[in-house]
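To start, the structure itself, in structure tokens.
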Amino acid sequence: MPSRPRLSPLSAALASLFATLLALPAQGQTLNELYESARGFDATYQGARAQYDASVARAAQAKAGILPAVGLTAGATRNNLDIDTLTGAGRGTSTPRDFTTQNVGINATQPIYRPANWATYEQGKRQAEIAEAVLTAAEQDLIVRVSQAYFDVLASQDSLALVRAQKVAVAEQLASAKRNFEVGTSTITDTREAQARYDLVIAQEIAAENDLQVKKIILDQLVGRPGSVPVPLSQPVVLPTAMPANIEAWVAQAEEVHPSIRQARLGLDVAGLEIRKAEAGHKPTLDANLGYNITRNPHGTSTSTVGTRIDAASVGVVFNLPLFAGFATENRIKETLALEDQSRSVLDGTRRSVAQATRAAYLGLVSGAGQVKALEAAEASSQSALDANRLGYQVGVRINIDVLNSQSQLFQTKRDLAQARYNVLLGNLKLRQANGTLTVEDMNAINATLAKNGSTASPPSPGERLQTSPSTTVPVTPPPIPVVPPVPVPPFNPPAPTMPSAPPPPVILNPPTR
């Protein structure tokens, strides 16, 4: 029999190093890293950024109405004339005349009094501030969308891990029920119940795997990097608290800094300036003109054969007063007054919507924090209930379905607890988005709750089981599941129903007479 080739020391060392690298956990990306990646890739945010740049450039154009306009002109004209003499000594003769006219000049106009131009300039500054508010809202929306996709992947991973752990636990219970049925200490009902629960968990595992793949695709598309691996939460989980613990303080803060309220308030200012522009239609305008022009006729003109050059400098003012424009100005003022009322209504509606969203987000965060505490207590209680039911099943005071129900309750509580924790972390960001104070620093506080080493464990295989602590996993080999023989079912032949006979009529006695 030929002997196996032996590895050299170098090859053995490389093989050992390769195996060690494969055993290391996969390096994950933190929330901040994926957010920075999304800033440079997300199409919605990039579009908002481009819209902001365009709005700032458009607002800067309004300044041109109050600045001087300077123009340079130059030209050359060739003139060919035929001069016919109608009277005098040369009557009836025609004289050709050709000459060239050259001119160059520079002229400037400075608006001195133009109320409409100044109102337009003020509108431009408000429009730039509106564009900044819109971009701020887009940045806050990106933070929430990345965080939502990030925690959705973590929640799907936890759900899949718990479903696989539940599958192993149910498989153990199914194998135990089958062994007890084979030795005659339990009925086939226990086996059937465990088999039904095992099949249900298999379906849940398939759905959980599909949900995890979908959530990963959403996150990869958002951040623009395939195969992104979010870093899980550190253990034990420490959830940040929302301060101040006063709902009205959050609402009052939203009134001052919320991007939507700022945008609506600036829109009201723009509408007021539009009224000023409309009213300027009744006011005069005054401009200052300054110019210097040179005109050369090297071969003379139509009336002279002597070459000339004219240097002309001019300075002056132009006054214009509109008298009547067919009632266009009056109707324009009425239109702008109605639009101002519309902008004021939009501001009031925005304030109400922001206040309502802030209160709802705050109450949701408080409720979520309470749910986390309640689910933590429920997790401990469910674990104790499961241990008690397992012990009762072993001693014969509990049946198999009690153990299965306890297992399902425990794993469902673990899934709800993990989801509640993610909801609280995301609720902190949504509360600050609702009142308009969300910044990258707030996301840094959430990022601090992640694992510090930047690594994430791969999802457990079907042969792994989660214990009571969510941070420890113990590999368990699933027990073999024997085939259950079919249960003979006797034919159902109930006897024919018999109709009951009518009861005898009651005997009515005459009442005694007095």
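The values are calculated or read from the model by the stated rules, or taken from the named source; none is laboratory data. Please read all numbers here as calculations on a predicted model, not as lab measurements. Note that we place each Cβ from the backbone using ideal geometry, even for glycine, and neighbour counts take in every protein chain shown. Protein only, heavy atoms only, side chains kept; ligands, DNA and RNA dropped before computing areas. Shrake-Rupley method; radii C 1.70, N 1.55, O 1.52, S 1.80 Å.
Candidates in the range 261-284 are the residues that are farther than 19 Å from Gly124 by Cβ and not charged (D, E, K, R); of these, the one that is surrounded by the most Cβ atoms within 10 Å (Cβ to Cβ) is Ile261. Tell me, yes or no, whether the range 57-75 has at least one residue that is within 30 Å of Thr303 (Cβ to Cβ), of a type in the set (S, T, N, Q) and touching a residue at least 24 places away in the same chain (Cβ under 8 Å). Within the range 57-75, one or more residues are within 30 Å of Thr303 (Cβ to Cβ), of a type in the set (S, T, N, Q) and touching a residue at least 24 places away in the same chain (Cβ under 8 Å). Within the range 310-335, work out how many residues are touching a strand residue (DSSP E or B) at 6+ places or on another chain (Cβ under 8 Å) and modelled with pLDDT under 90. Total satisfying the criteria: 1.
When Glu256 is tested against (1) over 24 Å from Ala38 (Cβ atoms); (2) touching a residue at least 40 places away in the same chain (Cβ under 8 Å), only condition (2) is not met. For the range 312-362, residues that are more than 14 Å from Ser260 (Cα to Cα) and either assigned to a helix (DSSP H, G or I) or in contact (Cβ under 8 Å) with a residue 12 or more places away in the chain (or both) total 31. Can you find even one residue in the range 438-446 that is at pLDDT 85 or above, in a loop (DSSP other than H, G, I, E, B) and not hydrophobic (A, V, I, L, M, F, W, C)? Yes, that holds for at least one residue. You will find that of Asp152, Asp141, the residue that is of a type in the set (Asp, Glu), out of contact with any Gly (no Cβ under 6 Å at 6 or more places or on another chain) and open to solvent by less than 50 Å² (accessible area, probe 1.4 Å) is Asp152 and no other.
A single entry from Asp220, Asp158 fulfils the requirement of being open to solvent by less than 60 Å² (accessible area, probe 1.4 Å) and without any contact (Cβ under 8 Å) to a residue 12 or more places away in the chain: Asp220. For the range 381-401, which positions are surrounded by fewer than 20 Cβ atoms within 10 Å (Cβ to Cβ), in contact (Cβ under 8 Å) with a residue 24 or more places away in the chain and in a helix (DSSP H, G or I)? Result: Gln383, Ala385, Ile401. Would a scan of the range 178-187 turn up a residue that is more than 17 Å from Ser406 (Cβ to Cβ), in contact with a Gly (Cβ under 9 Å, 6 or more places away or on another chain) and open to solvent by 50 Å² or more (accessible area, probe 1.4 Å)? Yes, the range 178-187 contains at least one residue that is more than 17 Å from Ser406 (Cβ to Cβ), in contact with a Gly (Cβ under 9 Å, 6 or more places away or on another chain) and open to solvent by 50 Å² or more (accessible area, probe 1.4 Å). Among the residues of the range 68-92, those identified as in a loop (DSSP other than H, G, I, E, B) and open to solvent by 80 Å² or more (accessible area, probe 1.4 Å) are Leu86, Thr87, Ala89, Arg91.
I'd like to check something: does the range 109-129 contain any residue that is out of contact with any Leu (no Cβ under 9 Å at 6 or more places or on another chain), aliphatic (A, V, I, L, M), open to solvent by less than 40 Å² (accessible area, probe 1.4 Å) and touching a residue at least 40 places away in the same chain (Cβ under 8 Å)? Yes, some residue in the range 109-129 is out of contact with any Leu (no Cβ under 9 Å at 6 or more places or on another chain), aliphatic (A, V, I, L, M), open to solvent by less than 40 Å² (accessible area, probe 1.4 Å) and touching a residue at least 40 places away in the same chain (Cβ under 8 Å). Looking for something in contact with a Ser or Thr (Cβ under 7 Å, 6 or more places away or on another chain), surrounded by fewer than 20 Cβ atoms within 10 Å (Cβ to Cβ), β-branched (Val, Ile, Thr) and under 25 Å from Lys452 (Cα atoms) - is there at least one such residue anywhere in the range 238-254? Scanning the range 238-254, I find at least one residue that is in contact with a Ser or Thr (Cβ under 7 Å, 6 or more places away or on another chain), surrounded by fewer than 20 Cβ atoms within 10 Å (Cβ to Cβ), β-branched (Val, Ile, Thr) and under 25 Å from Lys452 (Cα atoms), so the answer is yes.
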